[in-house]
Amino acid sequence: MSDPIETAILNKISALEPGKSIEPAEVAKELQPEQWQRMLPKVRATALGLMRQGKLTITKKGKPVDPDNFRGVTRLRQATEEETALALSRRPPVVADDDD
């Protein structure tokens, strides 16, 4: 089963022209119009996870943010190939478990 927040974010950014972005609040309002403010932290957390997977880019004033150190007003957009490669290179290596 897929996460409805993740699906909503990816659907919204995939419909954008390259270089265009959305506010996280747009996704929250789509998912819970009456109480979107309560949904906003979950949308931001999901977007951060997607950024770490290289699936999107979180920007502030038009520039990609450091996923480990940012605050304030942000926007979401499709990741470029370079941004995806950078995000994937930052992931910790997978260690095979050889408990034979």
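Quick notes
- Here Lys55 meets each of (1) touching a residue at least 24 places away in the same chain (Cβ under 8 Å); (2) touching a Gly at 6+ places or on another chain (Cβ under 8 Å) with one exception, condition (2).
- Hits in the range 53-67 (condition: more than 17 Å from Ala85 (Cα to Cα) and out of contact with any Phe, Trp or Tyr (no Cβ under 9 Å at 6 or more places or on another chain)): Lys61, Gly62
- Residue check for Glu30: among the charged types (D, E, K, R), in a loop (DSSP other than H, G, I, E, B) and more than 13 Å from the chain's Cα centre (by Cα): no
- Residues that are in contact with a Pro (Cβ under 8 Å, 6 or more places away or on another chain) and hydrophobic (A, V, I, L, M, F, W, C) were ranked within the range 28-48; the one that is farthest from Ile58 (Cα to Cα) is Leu31.
- Set Ile13, Ile58: member being assigned to a helix (DSSP H, G or I), of a type outside the set (Phe, Trp, Tyr) and surrounded by 13 or more Cβ atoms within 10 Å (Cβ to Cβ): Ile13
- Flag for Arg44 being out of contact with any Lys or Arg (no Cβ under 6 Å at 6 or more places or on another chain) and not in a helix (DSSP H, G or I): no
- Any chance Leu50 is under 23 Å from Glu83 (Cα atoms), of a type in the set (A, V, I, L, M, F, W, C) and either touching a His at 6+ places or on another chain (Cβ under 7 Å) or assigned to a loop (DSSP other than H, G, I, E, B) (or both): no
- The numbered conditions (1) surrounded by 11 or more Cβ atoms within 10 Å (Cβ to Cβ); (2) in contact with a strand residue (DSSP E or B) (Cβ under 7 Å, 6 or more places away or on another chain) are all true for Gly72 except (1).
- Screening Ser2, Ser21 for residues that are out of contact with any Asp or Glu (no Cβ under 8 Å at 6 or more places or on another chain), at negative phi and either exposed (fewer than 15 other Cβ atoms within 10 Å of the Cβ) or among the charged types (D, E, K, R) (or both) leaves exactly one candidate, Ser2.
Where a number appears in this text, it was derived from the coordinates with a stated rule and is not lab data. Being a predicted model, the structure only gives us computed values, none of them experimental. Backbone-built Cβ (ideal geometry, glycine too); neighbour counts: all protein chains shown.
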